[in-house]
Amino acid sequence: MRSGCTLRRVRGLSFLKAPVAVGLLIVLAVAAVHFARIPGFDRAGLMVFDAYQRAAPRVYQDAGVRIVDIDEESLERLGQWPWPRTEIARLTDTLNAAGALAIGFDMVFSEEDRTSPAKIAERFAGEGGNAALVATLSGLPSNDAVLAESFAAAPVVGGYFLLTEDRGRPLELPVGMAMLGTPPTLVEPDFRGSVQSLPQLQEAASGLGSLSINKGEDGVVRRAALLFHHRGELVPALSLETLRVAQQAGSILIKTSDGSGETRGAPGAMVSLRVGALEVPTTEAGELWSHFTAPEPGRTIPAWKALSPDITDEEKADLFGGKIIFIGASATGLRDVVATPASEREPGVMVHAQAAEQMLLGQFLEQPDWARGLEFALILLLGGALALALPKAGAIAGAAFGLAGTASVAGGSWLAFDQWRYLIDPTYPIAAMVLVYAVQTLLSFRQEEQQRAYIHDAFDRYLSPEMVRQIAASPEKLQLGGEEREMTVLFCDIRGFSKISEQYEPHEVINFLTGFLTPMCDIMLERKATVDKFIGDAILAFWNAPLDDPDQFRNGARSALQMVAALDQLNREMPQRDGQIWPDNVKIGIGMNSGLCCVGNMGSQQRLSYSLIGDTVNIASRFEGLTKQYGVEIMIGSALAAQLDGFALIELDRVKVVGRDAPDTVYALLGDEDFAASAAFKAVLPQHEQFLAAYRAQDWSAAKAILETANADYTALGLSDLTQIYRDRVTALAKGTLPPDWDGTFEATRK
């Protein structure tokens, strides 16, 4: 009953409480990571958004944005880079004359042009050149001045790079920022330095925008930064500033969470910005989620074409009139290449141009305020439901639920992107379900293995490990039936157990029996025994089944001797242990016999028991009962004694046990080979053989004399009870008349 209760408790805890608790902890952990926004943990979600963009890129619509590209062909036609600033001025003038609304330069002119006339004059003068030519060149305007004049006449937006180190001159922007709400605090980092164009070029430009591009931790540009912090002030990106200049707008209006009436987060979180007539939703850090198109040739015009004399003014007006122009470079060695979700190698100017297109078209990717709340709710709902259901539903049903949940979340996320351009991260809810399923399944599997191990261990206490392994390997052996084998059988019983039981409470008796039976069984199992059953305080064990044991006789004999020795040690040690119930001077009797037995799975079709039956078993049980009468601890039959050559055996008697007509010669097993060689045993053995000869010859006086003479030697071996039995018999037999066929056989009248 106790084992059954234990199994039910194990099942309850293992398959319900523990996995559920672990699963819910996993769900809470995933939810906590999602809530904390730990850097790096959103990588999977970003990769999903990348896949969405590749599967459904933004459909190209002409928003009036063009890229003038300084490509390889332009360098071949117009000369190597850097071009003289006069050439840049000619390009600017051409675009301005064609009617460009704004011209944004994705490049910085931070050093003076070395091809300016004055610079050439300096070199000529140093080399002793023609003085008149030097004077003429020195009087000409510099190329930078020519470019500045061109900038001043056109709607040009100059560029600068921001640096984290503190160097470069202060930034002086044409216009400032207007704020609605607490100034943004999540726009990071705060840049301290910059690389700018020459002052005269910056002053001539209508606007100034940052060329810096914020890349993700994995180097992929997914968001176009619209604002940057520079020395505590907000500065615009090139795309945003170019749109401002194109609209001839004033300040850029920034809205934050506490100034917009929205509840995106703490005060200072960006919500949106307005530039001219354009309202642009942003991330909390002032970024625009980039939605790239597939490659579109019509967006890009090579620089040589803009400067070609073969292109008429009307054609130029058609190409650039009313357009917002970004000038950048894709030629090898010049281009600032970045990775985007749509391409591994994209010119940086493309990021600015496509950001401007999205703002003009009003086509935005957004993570709505409710998106993270929805993701959080899905983590708890789906992950929690799976954690609660999986231990009861099982792996297959749990997998079906998990797959359905995964498909629903992934499908819903894709639908939100494809239909409404919402970015809803499916990875956290899916991760919660996958982790819950994996961990709970592994935990359940581990606990199933533990339960199997528990059952295996429980059966190991009744059967030999070999038996358990054999049954596990060959289940067909669990059938009714048996086989005849030559076997060695052992019965062990505690002397006076009834009196012991009277002294203690039932649970204390169980405690005592556990302390006794465990080491006894360990000894036998170590010597290849099969522990058949416990009959109260008695043990039935046998050797040579289910597996062959060629050394069964000696294994059985050594087991019995070790059990006696172990009991002596237990009698000394157990009373000293706290909480251990142990009566004084516990004694056992062991009866052993060898012979033919029938062994196998016996019982009914409903319940099997691997056991043995036969005359050999019954006789062994009778021998155990006779140990009390003869005062010995181990009694064995003649068949077993014949197999124990060298052991310390002493013949006890010829006995007819209860229920059997044929007599058998019984022996006391006193020790192993070492004990057989001891002086004490050698002193008794010949005298005892003389005694038995005299006893069976009915020479009572000689028999009595030997008992008296050898009394001390018998007592030294613990055989004083045996000598007393024979004294009483000799005295009684000497007074009576024996039948002619008397051969000294004793007929036992009790078990």
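The values are calculated or read from the model by the stated rules, or taken from the named source; none is laboratory data. Please read these numbers as outputs of a predicted model, since none were measured by experiment. Heads up, the Cβs are rebuilt from the backbone with ideal geometry, glycines too, and the neighbour counts pull from every protein chain shown.
Tell me the strands (runs of 3 or more DSSP E) entirely within the range 153-236 that contain at least 2 residues that are over 25 Å from Trp289 (Cα atoms). Can you show your working first?
On the way: elements: 156-163, 177-180, 193-196, 207-210, 223-225, 227-230, 233-236.
Where strands (runs of 3 or more DSSP E) fall fully within the range 153-236 and carry at least 2 residues being over 25 Å from Trp289 (Cα atoms), they are 193-196.
In the range 379-397, what residues are modelled with pLDDT of 90 or more and among the small types (Gly, Ala, Ser)?
Result: Gly383, Gly384, Ala385, Ala387, Ala389, Ala397.
What's the number of the condition Asp568 fails, among (1) surrounded by fewer than 17 Cβ atoms within 10 Å (Cβ to Cβ); (2) acidic (Asp, Glu); (3) in contact (Cβ under 8 Å) with a residue 12 or more places away in the chain?
So Asp568 meets the others, but not (3).
Among (1) in a helix (DSSP H, G or I); (2) over 22 Å from Arg37 (Cβ atoms); (3) in contact (Cβ under 8 Å) with a residue 40 or more places away in the chain, which single condition is Gln363 missing?
That leaves (1) as the condition not met.
Please tell me if Gln61 is at pLDDT below 95, out of contact with any strand residue (DSSP E or B) (no Cβ under 7 Å at 6 or more places or on another chain) and not acidic (Asp, Glu).
Details: at pLDDT below 95: no; out of contact with any strand residue (DSSP E or B) (no Cβ under 7 Å at 6 or more places or on another chain): yes; not acidic (Asp, Glu): yes.
For Gln61, the condition - at pLDDT below 95, out of contact with any strand residue (DSSP E or B) (no Cβ under 7 Å at 6 or more places or on another chain) and not acidic (Asp, Glu) - is not met.
Of the residues Tyr695, Tyr714, which is touching a residue at least 24 places away in the same chain (Cβ under 8 Å), assigned to a helix (DSSP H, G or I) and touching a His at 6+ places or on another chain (Cβ under 9 Å)? Working first, answer last.
Values: Tyr695 fails: touching a His at 6+ places or on another chain (Cβ under 9 Å).
Matching residue, one of Tyr695, Tyr714: Tyr714.
Going residue by residue through the range 285-305, is there one that turns out to be of a type in the set (A, V, I, L, M), closer than 30 Å to Gly373 by Cβ and either at pLDDT 95 or above or part of a strand (DSSP E or B) (or both)?
Let us first name the residues in the range 285-305 that are of a type in the set (A, V, I, L, M), namely 285, 288, 294, 301, 303.
Add one more test, that the residue is closer than 30 Å to Gly373 by Cβ, and what stays is 285, 288.
Right, trim to either at pLDDT 95 or above or part of a strand (DSSP E or B) (or both) and you get 288.
Looking through the range 285-305, at least one residue is of a type in the set (A, V, I, L, M), closer than 30 Å to Gly373 by Cβ and either at pLDDT 95 or above or part of a strand (DSSP E or B) (or both).
Which residues, taken from the range 82-120, are in a helix (DSSP H, G or I), of a type in the set (Gly, Ala, Ser) and within 20 Å of Val349 (Cα to Cα)?
So the first thing to find is which residues in the range 82-120 are in a helix (DSSP H, G or I), and the list is 85-97, 117-120.
Applying the additional criterion that residues be of a type in the set (Gly, Ala, Ser) yields 89, 97, 118.
Once the filter is applied, which keeps residues that are in a helix (DSSP H, G or I), of a type in the set (Gly, Ala, Ser) and within 20 Å of Val349 (Cα to Cα), the range 82-120 yields only Ala89.
Given Ser559, Ser604, which one is on the phi < 0 side of the Ramachandran plot, surrounded by fewer than 16 Cβ atoms within 10 Å (Cβ to Cβ), over 46 Å from the mean Cα position of the chain (by Cα) and of a type in the set (Ser, Thr, Tyr)?
Details: Ser559 fails: surrounded by fewer than 16 Cβ atoms within 10 Å (Cβ to Cβ).
Answer to the check: Ser604.
Within the range 521-545, which residues are part of a loop (DSSP other than H, G, I, E, B) and either surrounded by fewer than 20 Cβ atoms within 10 Å (Cβ to Cβ) or free of Cβ contacts under 8 Å to residues at least 60 places away in the same chain (or both)? Write out each step before concluding.
First, the residues of the range 521-545 that are part of a loop (DSSP other than H, G, I, E, B): 527-529, 536-537, 544-545.
Answer for the range 521-545, where residues must be part of a loop (DSSP other than H, G, I, E, B) and either surrounded by fewer than 20 Cβ atoms within 10 Å (Cβ to Cβ) or free of Cβ contacts under 8 Å to residues at least 60 places away in the same chain (or both): Arg527, Lys528, Gly536, Asp537, Asn544.
Since Ala56 meets every condition but one in (1) surrounded by 15 or more Cβ atoms within 10 Å (Cβ to Cβ); (2) within 21 Å of Ser290 (Cα to Cα), which condition does it not meet?
Condition (1) is where Ala56 drops out.
Keeping to the range 76-106, report how many residues are closer than 17 Å to Asp336 by Cβ and at pLDDT below 95.
At the first step, the residues of the range 76-106 found to be closer than 17 Å to Asp336 by Cβ are 81-82, 104-106.
After this cut, where a residue has to be at pLDDT below 95 as well, the list is 81-82.
Total meeting the criteria: 2.
With respect to the numbered conditions (1) small (Gly, Ala, Ser); (2) in a loop (DSSP other than H, G, I, E, B); (3) over 23 Å from Pro155 (Cβ atoms), which one is the sole condition not fulfilled by Gly259?
Of the numbered conditions (1) small (Gly, Ala, Ser); (2) in a loop (DSSP other than H, G, I, E, B); (3) over 23 Å from Pro155 (Cβ atoms), the odd one out for Gly259 is (2).
What's the total number of residues in the range 561-620 that are hydroxyl-bearing (Ser, Thr, Tyr) and part of a helix (DSSP H, G or I)?
Taking the range 561-620 first, the residues hydroxyl-bearing (Ser, Thr, Tyr) are 594, 604, 609-611, 616.
The next check asks that each one be part of a helix (DSSP H, G or I); those that pass are 616.
Here the count works out to 1.
Please pick out the residue among Ala642, Ala648 that is buried (at least 23 other Cβ atoms within 10 Å of the Cβ), within 25 Å of Phe675 (Cβ to Cβ) and either touching a Ser or Thr at 6+ places or on another chain (Cβ under 7 Å) or not assigned by TED's automatic domain parsing to the domain that holds Glu689 (or both). Before the answer, list the steps.
On the way: Ala642 fails: buried (at least 23 other Cβ atoms within 10 Å of the Cβ).
Criteria check complete, one pass: Ala648.
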